[in-house]
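The values are calculated or read from the model by the stated rules, or taken from the named source; none is laboratory data. These figures come from a predicted structure and were not determined experimentally. Cβ atoms come from the backbone with ideal geometry, glycine included; neighbour counts cover every protein chain shown. Remember, those area values only see protein heavy atoms, side chains included, never the ligands or the DNA or RNA. Shrake-Rupley method; radii C 1.70, N 1.55, O 1.52, S 1.80 Å.
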Amino acid sequence: MSLAATEAELQGILDDVAFTRSYGFRLHAIDEGRCTLAIPFQAAFERPGGIVSGQVLMAAADVAMWLAIMTRLGPRDGSVTAGMTTAFLGAARQESFRCTAHIMKLGHRLIYGTAESVTEGGRLLAHHALTYARASGGTDR
């Protein structure tokens, strides 16, 4: 199956949308129903105590899933986040990380997936379970 969105289209979204641009997210890799983002460290990400804020890890997971969905439904898809559960399993300290999202089920109304945030060395930082609501009904795939 061919991808419904190209790397150039997805990176363009990251560059053009204000909230994704502010994080500096970079597209690392895509495949059908999968997206990996590279998140470069920024001092603005640090919370008191010197660790990267959890909101950055959660935003990365949300955006990675959003783009993973676009690999299946195209860059104009209007699906939105309906729920996210995050387990923080390690701390990033002044370091970049990656987040990979994977669609588990693309349903008629809901999309389920998971994401993992890891350091560049592969140390697990967080596991995310995500649910997206499709903007308009589709068919199960």
Computed [θ] at 222 nm, deg cm²/dmol, the chain (DSSP H ≥ 4; -39,500 (n - 2.57); rounded to nearest 500): -8000 deg cm²/dmol
Phi to ³J(HN,Hα) by Karplus 6.51 cos²θ - 1.76 cosθ + 1.60 over region 66-78, Hz, x for Gly, Pro: 4, 6, 4, 5, 5, 5, 9, 10, x, x, 9, 4, x
Helix 7-16 axis, angle to the chain major axis (alpha carbon atoms, nearest 10°): 60 degrees
For region 32-128: rounded, prolate or oblate by the Cα gyration tensor [a/c cutoff 1.5]: prolate
Solvent-accessible surface ranking, highest first, for Leu130, Leu73 at 1.4 angstrom: Leu73, Leu130
Per-residue HN-Hα couplings for region 55-61 [Karplus 6.51, -1.76, 1.60; θ = phi - 60°; Hz; x = Gly/Pro]: 5, 5, 4, 5, 5, 4, 5
Förster radius 35 Å - calculated FRET efficiency between Arg109 and Ala18 (Cβ-Cβ, nearest 0.05): 0.75
Stretchable slack from Ala82 to Thr131, in nm (0.36 nm times residue separation minus alpha-carbon distance): 17.1 nm
